[in-house]
Amino acid sequence: MRNWLVGVVLWMGVAGSVFAQDAVVQGLTFTVWTDHDYDLVPGKLYGTVATGEASVFTAGLGEWSVGFSEFNLAGLQASDSVVLKFDAGTTWAYQGDVIPALGNLALTEYVGDNAATVSDYGMSTSVASIGSFQIESQAPGDQLSFDVTSLYNAAIARGDAAFGVRFNIPTGGTFWGGSLFSAASYNNVSLTVAAVPEGSTWALMLGGLALIAFAKRRRVSGGPTQS
C-alpha cells in the first residue's frame, strides 16, 4: 500500500511538471509607417506608431505601413511544438467606401533585436516565409495560428536575440478595395512554446508508474484481505 501511494504521489508531481509548463511569450508588437504627408520622399520614415498593434496600411498616393512583432528568446530552449497566435483586429476604408481592406496577407520571419526600430522596416535580416491568409476571411476577434516550430528551433540554434514576425503589405492588388486608404490591424501576438521535459524528469515519471504497477501486482498476488 505504501509503495502504491508513493508511486501515485511521485507520478502526479512529475506529471504536473511535464504537462503544465508551456510558455506563452508575448511579442513586442509595433508598426512602422512610411512618411504620410504625401511628399513621397524615398526612404523617409516616421518611425513607430500604435505600439502593441501590428497594422498594415496602403494609400493610393504611395503611403503604407507594415506591422511587426518580436519575441525575446533569452532563456528559451528548443521545443517540439511552437505556435504563433494573434487576433484579427479591425479592417477599414477611408472616405466612406463600403469595401474594407481585402487581399492576401503574408507573414515573414526576420531576426529581431528586441526593439521597435525603423530599421526593421527594411527587413534586411529576412529568414523565411511563415504563411499567409485572406484578410476578408477573418472577423474582428478571430484568433489565427501558425506552426513555427522548425523556424523557432532554427532561431534558437543560431543564437538569435529575438524571433521576429513581419505582417507584410497585402498582395494581389485588392487591398485598397477601391479606397484611397485601406488598413487592417492585428494584436495579442504571442508564441506558445511547449515544455520539453529533461531526461531525469521522464525517468522519475516512469519510476512512479513502475511503483504503482508493482504495488498493484503485489496486492493482486497476495490474495484477498480481511477487513
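None of the figures in this text is laboratory data; all of them are computed from the coordinates on show. Predicted, not measured: the structure shown is a model, and the values here were computed from it. FYI the Cβ positions are ideal-geometry reconstructions off the backbone, even for glycines, and counts take in every protein chain you see.
What the table shows:
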{"read-out": "Length gained when the stretch SER81-SER119 is fully extended (0.36 nm per residue, less Cα-Cα span)", "value": "10.7 nm"}
{"read-out": "Pairwise label distance in nanometres, SER129 with ALA23, each label 7 Å out on the Cα-Cβ vector", "value": "3.0"}
